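Read-outs throughout are calculated quantities, based only on the coordinates presented, and are distinct from any laboratory measurement. Being a predicted model, the structure only gives us computed values, none of them experimental. Counting neighbours? That spans all protein chains shown, and the Cβs are built from the backbone with ideal geometry, glycine included.
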Amino acid sequence: MSALMALLRRELRVALRAGGGALIGVLFFLTVVVLMPFAIGPDLPLLNRLGPAVLWLGALLASLLTLERLFTADQNDGSLDLLVMSRTSLELSCAAKAVAHWIASGLPLIVATPVLGLLLNLEPRATLAVALTLLAGTPALTFTGMIGAALAVTLRRGGLLLAVLVLPLSIPVLIFGVAAADAAIRGDSFLNAPFSILCALSLASLVIGPFAAAASLRQGLD
């Protein structure tokens with residue numbers, strides 16, 4: 001357990017040292033939310049209905065924006081090869097990287113959601129519901145995105161490949177995240193079917209993501 005915590009602390013320092021990851025994600029999130037009312041127009045009821053979907057879409061795009069940095073620092077300083085050859089399980093290292101990346105880049109998006117929800121004419125209860133669904137669903141975005149990041153880091157111009165790989169995997173998370181938020185806003189029990197499926201998607205990604213990312217790294221660096 002102590003070795004796992006030490007690994008997580010190291011990866012968290014690397015994620016924070018990568019430079020501006022959290023700030024870039026939040027600023028992009030803010031940009032999406034601010035521009036959406038200009039596109040929709042001054043229809044406040046429509047803006048209120050679309051608010052949860054706009055917040056989820058902004059969080060998805062902001063997460064995708066920072067995923068390319070997941071293995072970039074290790075690739076640039078040569079430590080990626082050391083991770084593959086280390087005695088520490090590569091799957092465990094990938095899991096620690098994903099958790100650190102989520103803390104550094106995903107958690108600030110959740111914290112910013114209640115404030116940005118005000119720009120979409122959402123009530124505090126509605127913004128809280130969206131924030132809770134993001135808390136349950138953004139780990140799935142990170143762990144599935146880690147697979148694409150592992151495939152892209154060993155390729156030239158892998159950023160485009162990352163978007164092509166990750167977006168289809170993220171669509172189910174987006175669908176059930178918005179559905180869970182809408183159900184909670186309507187007054188249904190928060191433990192509704194979409195929210196349960198969203199949690200199941202996150203748990204599945206927590207299990208599958210590290211193994212798939214580790215296999216991609218081994219294959220790409222051979």
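At 7 Å along Cα-to-Cβ for each site, give me the label-to-label distance between SER79 and LEU167 in nm.
Computed distance between label sites SER79 and LEU167 equals 3.2 nm.
On full extension of the chain, what length is gained from ARG87 through GLU123, given 0.36 nm per residue of separation minus the C-alpha to C-alpha distance?
Details: separation 36, 0.36 × 36 = 12.96 nm, distance 5.06 nm.
Extending this stretch completely gives an extra 7.9 nm.
Nearest 10 degrees is fine. How inclined is helix 158-185 to the longest principal axis of the chain, computing both from alpha carbons?
40 degrees
So what does log10 I(q)/I(0) come out to for the stretch 105-176 at q = 0.28 Å⁻¹, using the Debye formula with one equal point on every Cα and no solvent?
-1.15
Most exposed first by the Cβ proxy, i.e. fewest other Cβ within 10 Å, how do MET146, MET36, MET85 rank?
Numbers: MET146 27, MET36 19, MET85 9.
With the sparsest Cβ surroundings first, the list reads MET85, MET36, MET146.
With a cut-off of 8 Å between alpha carbons and a minimum separation of six or more residues, what is the relative contact order of the chain in percent? Could the numbers behind the result be given before it?
Numbers: 277 pairs, mean separation 57.2, N = 222.
About 26 percent, as a whole number.
Note the angle between two axes, namely the Cα long axis of helix 44-67 and the longest principal axis of the Cα atoms of the chain, as a number of degrees from 0 to 90, rounded to the nearest 10.
Once rounded, the angle reads 10 degrees.
Over the Cα atoms of the stretch 2-221, what is the Rg over Rh ratio if Rh follows Kirkwood?
Details: Rg = 17.7 Å, Rh = 17.7 Å.
That ratio is 1.00, to two decimals.
Spelling out what I want: for every residue of the stretch 108-115, take phi, set θ = phi - 60°, compute 6.51 cos²θ - 1.76 cosθ + 1.60 (Karplus), and round to whole Hz; glycine and proline get x.
Whole-Hz 3J(HN,Hα) from phi for the stretch 108-115: x, 5, 5, 5, 7, 4, x, 6.
Taking neighbour counts of Cβ atoms within 10 Å as a proxy for exposure, in what order, fewest first, do VAL130, VAL164 appear?
Values: VAL130 30, VAL164 11.
Ascending Cβ contact count within 10 Å gives the list VAL164, VAL130.
If I model a spin label at GLN219 and ILE175 as a point 7 Å from the Cα along the Cα→Cβ vector, what separation in nanometres do I get?
2.5 nm
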